[in-house]
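Undergrad: After the structure tokens below, expect a handful of questions from me.
The values are calculated or read from the model by the stated rules, or taken from the named source; none is laboratory data. Fair warning: this is a prediction, and the values are worked out from it, not measured in the lab. Every residue, glycine as well, gets a Cβ built from its backbone with ideal geometry; the counts of neighbours run over all protein chains shown. For the accessible areas, the whole protein counts, side chains as well, though only heavy atoms, and no ligand, DNA or RNA atoms are used. Shrake-Rupley method; radii C 1.70, N 1.55, O 1.52, S 1.80 Å.
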Amino acid sequence: MSAVRRDVVVAGLADLQARGRIVVEVDGLEVGLYFHAGEVRAWHNVCPHQGGPVCQGKIMPRTIQPVREDRKSAGPAFHPADRNIVCPWHGFEFDILTGRHPADDRVGLRGVPVRVVGDEVVVSL
């Protein structure tokens, strides 16, 4: 028998857009809500590495390694649009929109079903 999911209003869309991230608790479950590139995402606030509070970590541009025309490194740089969530415990990074680790696509955050209804952000738990 599967558990019955329920919808919970967890934030106002305008507030999430202004802040970029909100961490909420619903019935003992912490969820990180994110607004980036016009998209809303929700992740369980548990890092798959060692259980750290990943959603409370910094939001950083994805690091890239540009290559010059002579095929040599131009040094590290930041991607203009991609953002990663950085776990505060050990620095593991996860794409803010996909939840995937940048080097190992087998590792990722656990998503929470989320949608926008009018001007409210709703998760299904």
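Undergrad: Take H90 and decide whether it is free of Cβ contacts under 8 Å to residues at least 60 places away in the same chain and open to solvent by 80 Å² or more (accessible area, probe 1.4 Å).
TA: On the way: free of Cβ contacts under 8 Å to residues at least 60 places away in the same chain: yes; open to solvent by 80 Å² or more (accessible area, probe 1.4 Å): yes.
For H90, the condition - free of Cβ contacts under 8 Å to residues at least 60 places away in the same chain and open to solvent by 80 Å² or more (accessible area, probe 1.4 Å) - is met.
Undergrad: Would you tally the residues in the range 97-125 being touching a residue at least 60 places away in the same chain (Cβ under 8 Å), β-branched (V, I, T) and touching a Gly at 6+ places or on another chain (Cβ under 9 Å)?
TA: 2
Undergrad: In the range 39-49, which residue that is out of contact with any Phe, Trp or Tyr (no Cβ under 9 Å at 6 or more places or on another chain) and under 19 Å from G91 (Cα atoms) is most open to solvent (accessible area, probe 1.4 Å)? If you could, list the steps in order and put the result at the bottom.
TA: We begin by selecting, within the range 39-49, every residue out of contact with any Phe, Trp or Tyr (no Cβ under 9 Å at 6 or more places or on another chain); these are 39, 44-46.
Narrowing further to those that are under 19 Å from G91 (Cα atoms): 44-46.
Details: H44: 19, N45: 9, V46: 84 Å².
The extreme case among them is V46.
Undergrad: Under 7 Å between Cβ atoms, at least 6 apart or on separate chains: pull out the pairs that start in the range 5-32 with a residue that is of a type in the set (G, A, S) and end on any residue that is part of a helix (DSSP H, G or I).
TA: Once the first residue is of a type in the set (G, A, S) and sits in the range 5-32, its partners that are part of a helix (DSSP H, G or I) give G32/C55.
Undergrad: I would also like to ask the following. Please tell me if H36 is under 16 Å from V121 (Cα atoms) and either under 18 Å from the mean Cα position of the chain (by Cα) or open to solvent by less than 70 Å² (accessible area, probe 1.4 Å) (or both).
TA: Working: under 16 Å from V121 (Cα atoms): yes; either under 18 Å from the mean Cα position of the chain (by Cα) or open to solvent by less than 70 Å² (accessible area, probe 1.4 Å) (or both): yes.
Yes, satisfied.
Undergrad: So, one more: For the structure I just gave you, tell me whether V46 is in a loop (DSSP other than H, G, I, E, B), in contact with a Leu (Cβ under 9 Å, 6 or more places away or on another chain) and at pLDDT 95 or above.
TA: Numbers: in a loop (DSSP other than H, G, I, E, B): yes; in contact with a Leu (Cβ under 9 Å, 6 or more places away or on another chain): yes; at pLDDT 95 or above: yes.
For V46, the condition - in a loop (DSSP other than H, G, I, E, B), in contact with a Leu (Cβ under 9 Å, 6 or more places away or on another chain) and at pLDDT 95 or above - is met.
Undergrad: Run E25 past the list (1) outside any strand (DSSP E or B); (2) under 28 Å from S124 (Cβ atoms); (3) of a type outside the set (A, V, I, L, M, F, W, C) and report the number of the one that doesn't hold.
TA: Looking at each condition in turn, E25 falls short on (1).
Undergrad: Considering only residues that are within 18 Å of P113 (Cβ to Cβ) and either open to solvent by 70 Å² or more (accessible area, probe 1.4 Å) or at pLDDT below 95 (or both), which ones fall in the range 11-27?
TA: Of everything in the range 11-27, those that are within 18 Å of P113 (Cβ to Cβ) and either open to solvent by 70 Å² or more (accessible area, probe 1.4 Å) or at pLDDT below 95 (or both) turn out to be E25, V26, D27.
Undergrad: A further question on this structure: State which residue pairs qualify: first residue aliphatic (A, V, I, L, M) and inside the range 53-71, second residue outside any strand (DSSP E or B) and surrounded by 14 or more Cβ atoms within 10 Å (Cβ to Cβ) in any location, beta carbons under 6 Å apart, and separation of 6 or more residues or different chains.
TA: V54/C47; V54/C87
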